[in-house]
């Protein structure tokens, strides 16, 4: 699935158990339409010991569906769009009907 989000964008979670939490996008899975947001949706995973680490229970970020996040522009959630200026396509934040370049 095509998305307007990019790795490193600041986003806020708008639905689910982690509602209103903010973070940066670390990874985007286009096939499953899921993103991993830094510090959000923490899960516990049992790690088997191997030669490099001791193993045990580790905490890491779990994936969130892409429809449950919104882009943060000036610390406010906004929609994303595109605009063509001078023959170049660029991303814009749609704030109260106005398009502002990101």
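Every read-out reported here was derived from the displayed coordinates using simple, explicitly stated rules and does not represent laboratory data. Keep in mind that what you see is a predicted model, and the values were worked out from it rather than measured. We place every Cβ from the backbone using ideal geometry, glycine too, and count neighbours over all the protein chains shown.
Things worth noting here:
- Note on residue 46 and residue 4: the extension gain reaches 11.8 nm, defined as 0.36 nm multiplied by sequence separation minus the Cα-Cα distance.
- Counting 0.36 nm for each residue step from residue 84 to residue 19 and taking away their Cα separation leaves a gain of 20.1 nm.
- Using a simple spin-label model with pseudo-atoms 7 Å out from Cα toward Cβ, residue 27 and residue 94 lie 3.1 nm apart.
- Relative contact order [Cα under 8 Å, 6+ residues apart], the stretch 10-77, whole percent: 34
- Divided by 2.2 N^0.38 Å, where N counts the residues, the Cα radius of gyration of the chain comes to 1.32.
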